[in-house]
Amino acid sequence: MATPLDLARLEHAIQHEGGLSRRLFLAYAASISSLPLLSQRAGAAPGTPSFDSDPFQLGVASGDPDENSVVLWTRLAPAPLERAGGMKPQNVEVRWEIAADESMRRVLKRGSQVATPELAHSIHAEVNGLEPDRWYWYRFHAGDAVSTIGRTRTLPLAASMPSRLQFAFASCQHYETGLYTAYQHMAEEDLDLVFHLGDYIYERGGEAGRVRRHAGNKCYSLHDYRTRIAQYRSDPFLHGMHARCPWVVTWDDHEVENNYANDRSEIEDMDPAKFLVQRANAYQAYYEMMPLRNSSLPRGPHMNLYRSFTFGQLANFLVLDGRQYRSDQADHDHPGEISKACLNPRQTMLGSIQLKWVENTLSHSTGRWNVLAQQVMMATVAAKHKDIRRYGRDNWCGYLGERNKLMSFIHDHQVPNAVVLTGDIHCNIVNDLRIDDLRIESPIAAAEFVGTSISSDGDGGQAQDRMKQLMADYPGVRYFNAERGYVRCTVTPERWQSDYRTIPYVSKPGAPIKTRTSFVLEPGQSGVKTA
Ligand code: FE
Ligand code: CA
């Protein structure tokens with residue numbers, strides 16, 4: 001049941017949190033016929049469902065844990081690629097249970113939530129009252145149907161000093177250009193958490209002659225985005241990995257559209273009010289498929305995704321949203337040397353409210369390691385084309401004033417052991433980040449680990465010549481590689497180690513995995529070292 005829209009409340013929320021102007025908000029509101037205020041609470045009483053095929057084909061997931069709670073996710077979809085996932089437009093009761101053992105014999109808690117058609121029959125159950133720093137198993141029931149069993153965990157007590165955390169981060173999983181063999185291997189790792197840094201889906205229509213093919217055309221409508229993300233999640237290696245441990249997700253551009261910036265589509269003449277309708281559709285489909293808390297429930301075209309996690313006193317994670325609040329790319333038609341527009345203090349990647357939150361969270365952090373889990377590369381580095389350097393306008397180079405200010409903040413406030421995790425560019429890169437990367441005498445403020453794609457850009461390669469060129473041009477660049485895979489990080493109070501786990505191909509199944517290289521950090525020491 002759609003709750004009648006409280007326009008005034010929505011407007012306040014979007015202007016306050018989302019930073020849209022009143023003019024644009026009114027144009028957006030006028031451009032849509034009705035706007036349901038989404039709610040996980042149901043109106044009509046749920047019916048007793050019966051299913052012709054398994055309603056749990058999209059698997060189970062968990063995410064956004066804290067000391068004593070975690071989100072358990074599933075979505076009823078007996079026919080994932082059909083309209084409404086093959087569900088009738090009625091409410092359905094879904095029961096969950098969480099247990100102390102993997103055979104679900106010692107069930108500790110049970111509960112239920114109503115799956116509504118408004119949220120594509122997705123369930124985001126926030127289970128409270130759990131013990132800190134503990135593994136759990138969970139599953140769902142709907143009618144006679146039972147889901148597979150997922151495994152999840154809570155975070156350690158904020159005041160404790162955990163001896164070890166092991167997590168992986170991943171990004172960029174174009175369904176058409178490769179298989180998810182990397183996730184098949186990731187499921188064999190001993191991980192506490194997975195971070196996904198964006199490009200979880202790609203929005204363009206299906207193309208023939210690739211490894212796999214997108215169903216449908218380019219995404220605009222809610223149905224388009226729902227179908228696309230369901231197709232991705234139908235992959236057993238992807239939903240298998242979601243069932244292994246809790247995930248913490250953030251998005252980049254392709255969850256909506258290539259290189260979008262706030263209310264600006266890549267399509268230059270698209271009316272921002274119209275683009276916000278597309279963005280609202282994309283954000284809603286994303287929320288529906290992700291193990292996110294109720295605090296991320298979208299309101300119109302706005303969705304709260306930046307948030308922080310503390311793994312005891314060991315690590316503090318700030319998960320950033322570099323898309324929703326950013327200024328349009330500076331001089332995007334003229335990529336080249338860093339321009340005045342890139343350095344303009346009003347040119348923002350995070351938006352003023354998020355940036356203040358970042359500074360505030362970092363300056364109060366008591367974590368040994370302080371991690372920014374975010375989308376686009378923070379090192380000021382350009383690829384060379386015919387001896388001309390072209391600094392990317394979509395990454396932090398296009399927002400260089402803000403980037404250097406953030407690095408200065410970290411350095412001046414002596415934020416302990418800052419580490420940046422990055423996706424987006426389908427390459428493995430390791431960087432020392434200086435306050436000003438273009439001046440070698442500028443102090444190092446953080447380390448950056450850029451992780452390659454799961455499958456985007458196809459098989460990839462070692463690209464030794466590109467590594468040599470980049471490292472010759474930029475002393476801050478310590479490593480470059482263009483194979484597929486993910487990064488596994490092992491974090492203790494005394495040491496941070498990033499293992500670059502790579503696979504040689506994604507165009508056919510069965511690629512073996514290896515650790516291509518490892519880099520380490522030591523507390524209080526600036527600069528990455530080879531392991
Ligand atoms: Fe990508
Ligand atoms: Ca991207």
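Some values worked out for this structure:
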quantity	calculated
Per-region count, the range 421-436, residues in contact with a Ser or Thr (Cβ under 7 Å, 6 or more places away or on another chain) and more than 15 Å from ligand 1 (Cβ to nearest atom)	3
Filtered residue count, the range 326-364, keeping only those that are among the aliphatic types (A, V, I, L, M) and over 24 Å from HIS413 (Cα atoms)	3
Of all residues in the range 290-311 being of a type in the set (Gly, Ala, Ser) and out of contact with any Lys or Arg (no Cβ under 9 Å at 6 or more places or on another chain), the one that is nearest to ALA158 (Cα to Cα)	SER308
Any chance GLU266 is assigned to a loop (DSSP other than H, G, I, E, B), within 16 Å of ligand 1 (Cβ to nearest atom) and open to solvent by 10 Å² or more (accessible area, probe 1.4 Å)	yes
Matching residues in the range 449-477 - criterion: being open to solvent by less than 10 Å² (accessible area, probe 1.4 Å) and part of a strand (DSSP E or B)	PHE449, VAL450, VAL477
Filter result for ARG110 (surrounded by 15 or more Cβ atoms within 10 Å (Cβ to Cβ), basic (Lys, Arg) and within 27 Å of SER295 (Cβ to Cβ))	no
Residue match in the range 487-494 (condition: in contact with a Gly (Cβ under 9 Å, 6 or more places away or on another chain), charged (D, E, K, R) and either open to solvent by 10 Å² or more (accessible area, probe 1.4 Å) or not in a strand (DSSP E or B) (or both))	no
Selection within the range 52-65 - part of a loop (DSSP other than H, G, I, E, B) and buried (at least 17 other Cβ atoms within 10 Å of the Cβ)	PRO55, PHE56, GLN57, LEU58, GLY59, ASP64, PRO65
Considering residues of the range 67-80 that are touching a strand residue (DSSP E or B) at 6+ places or on another chain (Cβ under 7 Å) and not in a strand (DSSP E or B) only, the residue farthest from PRO246 (Cα to Cα)	LEU76
Residues (acidic (Asp, Glu), crowded, with 16+ Cβ neighbours inside 10 Å and more than 16 Å from ligand 2 (Cβ to nearest atom)) located in the range 171-213	GLU189, ASP192
The range 372-389 residues that are not assigned by TED's automatic domain parsing to the domain that holds MET349 and at pLDDT below 90, paired with ones that are within 15 Å of ligand 2 (Cβ to nearest atom) and open to solvent by 10 Å² or more (accessible area, probe 1.4 Å) (beta carbon under 6 Å, 6 or more apart)	none
Residue among GLY300, GLY240 that alone is away from ligand 1 (no atom under 16 Å from the Cβ), at pLDDT below 95 and open to solvent by 10 Å² or more (accessible area, probe 1.4 Å)	GLY300
Residue ID - farthest from ligand 2 (Cβ to nearest atom), chosen from residues in the range 214-261 that are among the polar types (S, T, N, Q), in contact with a Leu (Cβ under 8 Å, 6 or more places away or on another chain) and not in a helix (DSSP H, G or I)	SER234
Filter result for ALA341 (of a type in the set (A, V, I, L, M, F, W, C), out of contact with any helix residue (DSSP H, G or I) (no Cβ under 7 Å at 6 or more places or on another chain) and assigned to a strand (DSSP E or B))	no
Within the range 382-415, considering residues that are crowded, with 19+ Cβ neighbours inside 10 Å and among the basic types (Lys, Arg), the one nearest to ligand 2 (Cβ to nearest atom)	ARG393
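The values are calculated or read from the model by the stated rules, or taken from the named source; none is laboratory data. Everything numeric here is computed off the predicted structure, so don't read it as measured data. Don't worry about glycine lacking a Cβ; one is built from the backbone with ideal geometry, like all the others, and counts go over all protein chains shown. Ligands, DNA and RNA are excluded from the accessible area calculation, which covers all protein heavy atoms including side chains. Shrake-Rupley method; radii C 1.70, N 1.55, O 1.52, S 1.80 Å.
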